[in-house]
Structures are given as structure tokens and as C-alpha cells.
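Okay, structure first, notes after.
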């Protein structure tokens, strides 16, 4: 019932009585563009900006093969956001959902289609996802996601014409409220909280950003499935 009210609210408050474009057709075009990339590998630089986690910029090697095989090689610490490991458009279009066309807008001299994606299942943590699609290139330039716990995530994509539909930079901006933090960083966080007199055991306000820069792409080289198999100890 809540889903019905949400869809109706979004529809009447911003979408008008008729959609000028088919949102599902636009999203299918985005998927089709990305599906031409059968596999890729790239060097990734990860820069983390969070109040209670201080780590140096880290580097990793990322391998991907359709539809969802991923392998990461890193000699040091690399805090990779879960969503960034596989930035395939398919991750935003999982399951049964309702897509609604919102509007057309211009940003950075690009014509963008704005689409709301509302999951039809109550089991997902996501309430609403908004995507901005570059009309000319059929790629996503921005994603905003709201969750049931009140958290928000925004992802901004930057592309180079030579690597489209693969981004050269992703910026994750997140505000997830109170979440459990790893034991390795809990001590540092507790010290900060004690000074403020508001210590909360095992929880912290998770707010910040992660910037991931991709370079040296190698696309469609034919990475075998066996490459992604974990070695048995």
C-alpha cells in the first residue's frame, strides 16, 4: 500500500499527467550500451574522505567480466564502496520496479533524462532511486538513492570519450546515519566521542565521500572465467 501512495505522490507532484518519453526504453538503451563491454581491467585510485577514518590514498587493480564477475588486486588497503565494485547499470535496475520519466534538463552542456526508479518489492532497503541519463551517449551521469533507514547515497560519473561507457571518475557522497563501525576504527572514533561526551558503542554517523579514479583501461581482451575463481587454501 505504501508503494502505491509513493508512486501516486511522485506522479502527481512532478511528472504531470502524461510521460513524454518511455523511461524503460531509455534504461534499456543504457544497459545495451554497457553490454558491449564484455570484460575490462583498470587501475583504480581510491581517495577516502570521512571524519573518523583516516587512510592514505590507495590503489588497486580491478577486473570485470559480464555479467557480474569481479576481481580486485591490491597490495595495500583499499576501501572500495560496494556499489563501485560493479558499476554496471544493471545494479540499479535489479528486480521488479516501476520507472517514471520526470523531466529533461541540461547540465554541463549535456541533455539529460531524469528517471525515478521505485522498487515494487518491500524486501529491498532502497525506497527510491533517481538516475540522470546522458541522451546522446546512453550513459548514467548521476544516481541518487534513498534508503528505508534514512540514508542517502549520491554517485557522480565522469567519462572520457575514449572510454565510454566506462567512467574515468566516480564520486560517492553518502550520509547513512548511525551504522556499526569496524573494531579497527572503533577505538579512534570512541576517543573522539569521549571528548564530546556523546560516545555510542559500536555506532557512528557515517558521512563522507569516496573518489575513485580509473586509468589504463583494457577492454574486451577476453578474460577467462577461470581468472575469477578463488584459489583454494
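Restricting attention to segment 165-174, the residues being part of a strand (DSSP E or B) and touching a helix residue (DSSP H, G or I) at 6+ places or on another chain (Cβ under 9 Å) number 2. Within segment 118-146, the set of residues being at pLDDT below 90 and surrounded by fewer than 16 Cβ atoms within 10 Å (Cβ to Cβ) comprises 120, 121, 122, 123, 124, 125, 146. Screening residue 73 on (1) modelled with pLDDT of 85 or more; (2) surrounded by 14 or more Cβ atoms within 10 Å (Cβ to Cβ); (3) more than 28 Å from residue 127 (Cβ to Cβ) shows it passes everything except condition (2).
Of the residues 206, 176, only one is more than 27 Å from residue 68 (Cα to Cα), touching a strand residue (DSSP E or B) at 6+ places or on another chain (Cβ under 9 Å) and at pLDDT below 90; which? Lay out the reasoning, then the answer.
On the way: 176 fails: more than 27 Å from residue 68 (Cα to Cα).
Sole residue among the options that is more than 27 Å from residue 68 (Cα to Cα), touching a strand residue (DSSP E or B) at 6+ places or on another chain (Cβ under 9 Å) and at pLDDT below 90: 206.
Condition first: more than 23 Å from residue 43 (Cα to Cα), surrounded by 15 or more Cβ atoms within 10 Å (Cβ to Cβ) and at pLDDT below 95. Can you find one or more residues in segment 211-228 that meet it? No; the residues of segment 211-228 include none that is more than 23 Å from residue 43 (Cα to Cα), surrounded by 15 or more Cβ atoms within 10 Å (Cβ to Cβ) and at pLDDT below 95. Remark: residue 109 falls outside the filter, which requires a residue to be over 17 Å from the mean Cα position of the chain (by Cα), more than 21 Å from residue 34 (Cα to Cα) and either at pLDDT 90 or above or surrounded by 16 or more Cβ atoms within 10 Å (Cβ to Cβ) (or both).
Here 15, 97, 9, 92 are screened, and the one residue that is more than 18 Å from residue 223 (Cβ to Cβ), surrounded by 12 or more Cβ atoms within 10 Å (Cβ to Cβ) and at pLDDT below 65 is 15.
For residue 31, the conditions (1) in contact with a helix residue (DSSP H, G or I) (Cβ under 8 Å, 6 or more places away or on another chain); (2) at pLDDT 90 or above; (3) surrounded by 17 or more Cβ atoms within 10 Å (Cβ to Cβ) are fulfilled apart from (3). When we screen 22, 68, 51 for residues that are over 15 Å from the mean Cα position of the chain (by Cα) and at pLDDT 80 or above, the only hit is 22.
The values are calculated or read from the model by the stated rules, or taken from the named source; none is laboratory data. Here the structure is a predicted model, which means the values were calculated and not measured. Neighbour counts are summed over all protein chains in view; Cβ atoms, including those assigned to glycine, are modelled from backbone coordinates with ideal geometry.
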